[in-house]
Amino acid sequence: MYAKNDKMIQLEQMNVLNDVGGNMDFAERLKTLTEGAKYDVACTSSGVNRKGKRGAVGSAEACGICHSFTADGRCISLLKVLLNNYCEYDCQYCVNRRSSDIPRASMAPHEIADLTMQFYRRNYIEGLFLSSAVLKNPDYTMENLIKTLALLRGDPYNFNGYIHVKAIPGADDALIRKLGTLADRMSVNIELPSEQSLTHLAPEKSKSSILAPMKYVKNGITQAKEELARYKNAAPFVPAGQSTQLIVGATPEADSRIVHLAQGLYKNYALRRVFYSAYIPVGNDKMLPAAPTPTFDTGTGLTHTAYGPILLREHRLYQADWLLRFYGFTAGELFKDENENLSLHLDPKCHWALRNLDKFPVEVNRADYAMLLRVPGIGQVSAERIVKARRVGKLDFTNLKKMGIVLKRARYFITCNGKMAEKINMLPESIELRLTDNHSAGPYGQLTLTDLAHA
Amino acid sequence: MPSNTRKQVDVVFDGTFEGFLSVVHAYYYDGILPRSIQCADEYQPAIIQDEYFIVTSHNNAKKVATAISKKISIDVKRTAQYAFLSSPPDRYDALFQYIVAGFKIGHTIDNHLQNEIVHRVQKLAREVGREAHRYTGFCRFEETTHGIYYCAIDPVNHILSILANHFADRLMNQSWVIHDKKHHEAVVYDGHDYAFVNVNADQPPPPMAANEKEIQGLWTMYFNTLAIEARKNPKLHRQIMPLRFRNEMTEFKN
């Protein structure tokens, strides 16, 4: 197979998971294993309600709870850490790849369990997100993940909080089943949105080795739900569902391909979430795009690397993802015209509305809920409020404002009792001009909380 | 009862939800028409004021609570309970008008979003819910020398009762205290039940357990490591993690 590096040979000799440590102290190992886990963007703790239990520690809330936010604005709700980062694989996009020059470390199951409990009792976290590099082979890696979760769930820890765990592609079905009874959410990362890219950059993985466990988990969830409907004490299996992650910008796939893939995953694999991660170079590999050239800002005296465009692309993909899951859009509708990529200039809903102006303006007093949801600037909350309020009286623009409906974008697409907010030309160009006119903050200043948080 | 026979007064009650419901009861059964409603803690007597102290009655409060659930809706009762915990000085007046309108209109009251009172009370309730939800994540406990976990918070609204409920379920088997510094109140949980106590403003925090600093250090290190340098976004960070929450949070203290 592949040449083993010295670290791994040394590791095999000392049977890493029983005899941890080496010459690093605990804090250093935690740091190393956090560095290795942080590029996995999923950190949601949602999807399952579970009351506390006498004698156990913890509970779970279906809405998810954010316990903190990193300086880059991502929610921290779980202790996200690797069991070890000694990886057999050499996936080019991954910081933990075999050929990457980084410190290596591992933690023993009891160390992970102790740390989780200490953090949980202080309310730092909602639970654990455990992942691992592929050590020896997928089955061996899975067995170690199972060992850790079983320890944490059993006596004396009796941890009853949230657990998200990674399934390792290529592992035996029986191991996936075992792991799924211990965790709330399981995920297998697809990472690269096409088979060609996988073959090129992650030679040890294949589309089928990734999709097989996803299919298995999906069927397991369906089966567990049926059993739970029949028997009160049926064992839960991945009750919070599964998710995956796609890396954006490392390979040439267009947005249209990514969004269609996401749609397929939601439909055929019943995924709860697809996460998108803008590719940030973690090493200088010739197979992958390089980091943007840093520029020196004489004004502030700081060096600045322009990650703006790739982060904005990631943001647009999240917006499109929301349109698929909550707004009744299909991927086909979003890419009807010649564009293969989402507009960076306008959000995907505005973009769609401008290309379908024949459907607008919409009369707020009559339009059905599904159509209200398609109006730029009107979200689920606003649409629900409109539907409620119009039952007891006709709505005009003043009413809408009072109800807390934001009209900044919506005003160009709605009428109240047949009247528009102002006289405008219903032409794509003139509305687009108005929509973008007050974006003086620039296109990067529009990230919102909902785009980053929960399932 | 026609309104001209009512006595218009400045009502003062004891500050409990039962007390407030007793005010509603007094309106319908004793002919009391509140010009303003204040709780005893915040009440400042003016020279020309026609004040009226409402005595809290458990039975009357229960009657009103049942009536709200049955004649208006369960949702309205929940909205009222949450809005009651908010902090603007005129919250009780708004809530009173909301409930009276509810009895008049019935369960569709919540559809009247164009109505300022309805919108206002719902907004207050939402704000309380949102702040409480944030604190379920942002509370930071420290282990003290007595093995009790101590947490200080500084919330705008009176959310202690909501947090007490949450943590009594989640951290069922450990003793903890949540200290609301803003309202000088604390909830104490002993592993079985919780109770609310008043706390002096100058009460110092309890001494920490021996290994507490070490765990805090690990957490702070973990927190800092997790941020990806290339993605740093201070503006977004302030939006989702407002500075006022950070004062009592371990990872922002050091």
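For A:Tyr157, only one of the following conditions fails: (1) among the hydroxyl-bearing types (Ser, Thr, Tyr); (2) farther than 24 Å from B:Glu143 by Cβ; (3) touching a residue at least 24 places away in the same chain (Cβ under 8 Å). What is its number?
For A:Tyr157, the exception is condition (2).
Give the residues of the range A:356-376 that are under 15 Å from A:Thr330 (Cα atoms) and not in a loop (DSSP other than H, G, I, E, B), sorted by residue number.
If the condition is that a residue be under 15 Å from A:Thr330 (Cα atoms) and not in a loop (DSSP other than H, G, I, E, B), then A:Ala370, A:Met371 are the ones that fit.
Within the group A:Ala212, A:Ala229, A:Ala234, which residue is open to solvent by 10 Å² or more (accessible area, probe 1.4 Å), modelled with pLDDT under 90 and in contact with a helix residue (DSSP H, G or I) (Cβ under 9 Å, 6 or more places away or on another chain)?
Going through A:Ala212, A:Ala229, A:Ala234 in turn, the sole match is A:Ala234.
Considering only residues of the range A:385-416 that are of a type in the set (Lys, Arg) and under 18 Å from A:Phe360 (Cβ atoms), which is least open to solvent (accessible area, probe 1.4 Å)?
Restricting to residues being of a type in the set (Lys, Arg) and under 18 Å from A:Phe360 (Cβ atoms), the top hit is A:Arg411.
Which one is modelled with the lowest pLDDT among residues in the range A:287-337 that are open to solvent by 60 Å² or more (accessible area, probe 1.4 Å) and within 16 Å of A:His260 (Cβ to Cβ)?
Here the answer is A:Lys336.
Looking at (1) at pLDDT 95 or above; (2) open to solvent by 30 Å² or more (accessible area, probe 1.4 Å), which one does A:Arg355 not meet, given that it meets all the others?
It is condition (1) that A:Arg355 fails.
Which fully enclosed strands (runs of 3 or more DSSP E) of the range B:141-254 have 2 or more residues being open to solvent by 30 Å² or more (accessible area, probe 1.4 Å) and of a type outside the set (A, V, I, L, M, F, W, C)?
Of the strands (runs of 3 or more DSSP E) lying wholly inside the range B:141-254, those with at least 2 residues that are open to solvent by 30 Å² or more (accessible area, probe 1.4 Å) and of a type outside the set (A, V, I, L, M, F, W, C) span B:194-198.
Within the range B:97-140, count every residue that is closer than 24 Å to B:Thr220 by Cα and in a loop (DSSP other than H, G, I, E, B).
Within the range B:97-140, residues that are closer than 24 Å to B:Thr220 by Cα and in a loop (DSSP other than H, G, I, E, B) number 2.
So for the range B:90-110 (the condition being in contact with a Gly (Cβ under 9 Å, 6 or more places away or on another chain), acidic (Asp, Glu) and in contact (Cβ under 8 Å) with a residue 12 or more places away in the chain), does at least one residue qualify?
Yes: one or more hits.
Out of all the residues in the range A:183-209, which are part of a loop (DSSP other than H, G, I, E, B), acidic (Asp, Glu) and surrounded by 22 or more Cβ atoms within 10 Å (Cβ to Cβ)?
A:Asp184 - this is the single residue of the range A:183-209 that is part of a loop (DSSP other than H, G, I, E, B), acidic (Asp, Glu) and surrounded by 22 or more Cβ atoms within 10 Å (Cβ to Cβ).
Mind checking which residues of the range B:145-179 are more than 14 Å from chain A (Cβ to nearest Cβ) and among the aliphatic types (A, V, I, L, M)?
B:Val156, B:Ile159, B:Leu160
Does at least one position in the range A:393-406 carry a residue that is aromatic (Phe, Trp, Tyr) and closer than 28 Å to A:Gly332 by Cα?
Scanning the range A:393-406 turns up no residue that is aromatic (Phe, Trp, Tyr) and closer than 28 Å to A:Gly332 by Cα.
Looking only at the range A:33-58, count every residue that is more than 9 Å from chain B (Cβ to nearest Cβ) and over 15 Å from A:Lys166 (Cβ atoms) and tell me the total.
Here the count works out to 6.
This table checks each residue for (1) open to solvent by less than 10 Å² (accessible area, probe 1.4 Å); (2) among the basic types (Lys, Arg); (3) part of a helix (DSSP H, G or I).
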residue	(1), (2), (3)
A:Leu79	yes, no, no
A:Glu88	no, no, no
A:Tyr93	no, no, no
A:Ile176	yes, no, yes
A:Thr181	no, no, yes
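All but one of (1) closer than 16 Å to A:Lys38 by Cβ; (2) touching a Phe, Trp or Tyr at 6+ places or on another chain (Cβ under 8 Å); (3) crowded, with 24+ Cβ neighbours inside 10 Å hold for A:Thr70; state the number of the condition that does not hold.
Failing condition for A:Thr70: (3).
Can you tell me which residue is surrounded by the fewest Cβ atoms within 10 Å (Cβ to Cβ) among those in the range A:358-384 that are over 32 Å from the mean Cα position of the chain (by Cα) and among the basic types (Lys, Arg)?
A:Arg366
The values are calculated or read from the model by the stated rules, or taken from the named source; none is laboratory data. Just so it is clear, the model here is predicted, and its values are computed rather than measured. Please note: Cβ atoms are built from the backbone with ideal geometry, for glycine as well, and neighbour counts cover all protein chains shown. Areas reflect the complete protein model, heavy atoms only, side chains present, ligands, DNA and RNA absent. Shrake-Rupley method; radii C 1.70, N 1.55, O 1.52, S 1.80 Å.
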